[in-house]
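Reading through the structure tokens given below for one structure.
FYI, it's all coordinate maths here, none of it is from the lab. Just so it is clear, the model here is predicted, and its values are computed rather than measured. Neighbour counts are summed over all protein chains in view; Cβ atoms, including those assigned to glycine, are modelled from backbone coordinates with ideal geometry.
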Amino acid sequence: MTQQTDPELLRLRDSIDNIDAALVHLLAERFKCTQQVGEYKAQHGLPPADPSREAEQIARLRALARTAKLDPDFAEKFLSFIVQEVIRHHEAIKTRRG
């Protein structure tokens, strides 16, 4: 039996594929919301980044990760990557509205 035909491996991979699809859809929804935040910030002259909010989010996500038995360092890296992208989008919105 090969990896391509092992039913248990195929079942597990199908589950991973479903989870990946859900993650992509969740990220898309998250970015729709952060886009609206970026528009709001630009309209009200607020800076693209909010270090105190980011620190709160990191602490919250690390706690959630510990509860979920996920490495908190990984969770922080993941959130930091997303936040960097959000800030980049907010900066672009601010520049566009100039």
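Quick notes on this one:
- All positions within region 61-74 that are among the charged types (D, E, K, R) and either farther than 18 Å from GLN84 by Cβ or touching a residue at least 24 places away in the same chain (Cβ under 8 Å) (or both): ARG66, LYS69, ASP71
- Answer from GLU76, GLU54, GLU8 - the residue that is in a helix (DSSP H, G or I) and exposed (fewer than 10 other Cβ atoms within 10 Å of the Cβ): GLU8
- Picking from residues in region 48-89 that are among the hydroxyl-bearing types (Ser, Thr, Tyr) and within 18 Å of GLY38 (Cα to Cα), the one that is nearest to the chain's Cα centre (by Cα) is SER80.
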